[in-house]
Amino acid sequence: MVTLKNIALKLNVSVGTVSKALRNSSEISEDLKQVVLACAKEMGYVANSSARSLKTNKSYNIGIVYEDKTSAGLGHDYFSIMLNSIRNELQANGFDFTFITTSIGEEDISYLNHAKYRNCDGVIIVTADFENKSIIDLVQSDIPVVTIDHVFENTSAILSDNEDGLASIVQYLYKKGHRKIAFIHGEDTEVTRLRLQAFDDTCKLLGIQKEKRYIKEAVYHLPQQAGQRTREILNLEDKPTCIIFPDDYSYMGGATEIDKHNLTVPDDISVVGYDGIFLSRILRPILTTYKQNSELIGETAVQTLLAEIKETYTSGKTIIKIKGHLQEGQTVKDIK
């Protein structure tokens, strides 16, 4: 393993000089810094994280909570893009990350204790059961935490603008002449409540009569349930002209049921998704959907957390909404 002493001997300078150059100290000239950095890179020097932690009182490690309730893994575009963005932004700032779970080996452990065990400087909660006591204990601890798509008191949160999402969808459908709109929403979460409220408010604003029989609940990212709810809607005597799905992936279940009813999209019924994942672009017809900016959400979550770790935010709570945009496809018929 290459040490500071090895570099110093090769350059015939002191260990202190090498250390200051690698720490970008103003006491060392820029020319000498470049020489030291080039030599360190050539020799394969890697900074000792334990030593850096002792000097700065930081581990440079961020915990990530990602509860995969539907076993979608990291293959779902919305989360994979977000997690990739989080990783890139952390790396750009010299931080690593560790997934925080409720177990280490065969031993059960709380999120808080796992974060302490990994000596995390902070934690980003990407997705979780926010009513879980283990999550609440973590949020209420002295470890800086940023949540995504959920707001706790005195904790910073980065939110996809779900109100804008549903409002944009309903307004678009209205312009296309649709008044009988079905909405299959996700399970009871803060995201769902925001979307339902936006759906209600926009319908009232536009004078659209909301029909209770057109409103159904399914679990996010679970095509089978979305398919069952689609079947219930299509079996109604007075069918809607359009169905909004909770997410693009769930629409796959709906598409199967629409086909079973010998209906075609958009000639017989229009559909709209949510998320704007890659799947929506390769389906035929191309799915109209609301594309969330998951990359910016992840990047902003890291920037917010690191600012809190560095104590450049003094309010103790920052709420940032990230807008997406309606991605027009070929699945909404103009029936004006």
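Odds and ends about this structure:
- Close pairs (7 angstrom Cβ cut-off, 6 or more residues apart or separate chains): assigned to a loop (DSSP other than H, G, I, E, B) in region 142-167, of a type in the set (S, T, N, Q) and buried (at least 19 other Cβ atoms within 10 Å of the Cβ) anywhere: ASP149/SER160; THR155/THR147
- Some residue of region 217-237 being surrounded by 20 or more Cβ atoms within 10 Å (Cβ to Cβ), without any contact (Cβ under 8 Å) to a residue 40 or more places away in the chain, not assigned by TED's automatic domain parsing to the domain that holds GLN303 and not in a helix (DSSP H, G or I): yes
Results for (1) outside any strand (DSSP E or B); (2) surrounded by fewer than 24 Cβ atoms within 10 Å (Cβ to Cβ); (3) among the β-branched types (Val, Ile, Thr); (4) outside the structural domain of ASN88 (by TED's automatic domain parsing), shown as yes or no for each residue.
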| site | (1), (2), (3), (4) |
| --- | --- |
| LEU279 | yes, yes, no, yes |
| ARG284 | yes, yes, no, yes |
| GLU299 | yes, yes, no, no |
| VAL302 | yes, no, yes, no |
| GLU308 | yes, yes, no, no |
| ILE320 | no, yes, yes, no |
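- Candidates are the residues of region 249-271 that are touching a residue at least 60 places away in the same chain (Cβ under 8 Å) and touching a strand residue (DSSP E or B) at 6+ places or on another chain (Cβ under 6 Å); the one that is nearest to ARG193 (Cα to Cα) is VAL271.
- The set of residues in region 201-211 being at pLDDT below 95 and either outside the structural domain of VAL170 (by TED's automatic domain parsing) or farther than 14 Å from ILE244 by Cα (or both) consists of GLN209 alone.
- Top-ranked residue of region 28-69 - restricted to ones that are hydroxyl-bearing (Ser, Thr, Tyr), closer than 26 Å to GLY122 by Cα and not in a helix (DSSP H, G or I), ranked as modelled with the lowest pLDDT: SER59
- Number of residues in region 89-130 that are in contact (Cβ under 8 Å) with a residue 60 or more places away in the chain and either within 24 Å of SER141 (Cα to Cα) or polar (S, T, N, Q) (or both): the value is 15.
- Restricting region 87-140 to residues that are of a type in the set (Asp, Glu) and at pLDDT 90 or above, the residue that is surrounded by the most Cβ atoms within 10 Å (Cβ to Cβ): ASP121
- Condition met for LEU22 (closer than 15 Å to GLY94 by Cβ and at pLDDT below 90): yes
- Members of region 247-262 that are in a loop (DSSP other than H, G, I, E, B) and touching a helix residue (DSSP H, G or I) at 6+ places or on another chain (Cβ under 7 Å): ASP248, TYR249, SER250, HIS261
- Any chance ASN154 is surrounded by fewer than 22 Cβ atoms within 10 Å (Cβ to Cβ) and more than 24 Å from ILE125 (Cβ to Cβ): no
- The residues of region 3-19 that are within 40 Å of the chain's Cα centre (by Cα) and farther than 19 Å from GLY94 by Cβ amount to a single one, THR3.
- Taken together, PHE152, PHE130 contain a single residue that is hydrophobic (A, V, I, L, M, F, W, C) and closer than 20 Å to LEU306 by Cβ, which is PHE152.
The values are calculated or read from the model by the stated rules, or taken from the named source; none is laboratory data. Being a predicted model, the structure only gives us computed values, none of them experimental. Reconstructed Cβ throughout: ideal geometry from the backbone, glycine too, with neighbour counts over all protein chains shown.
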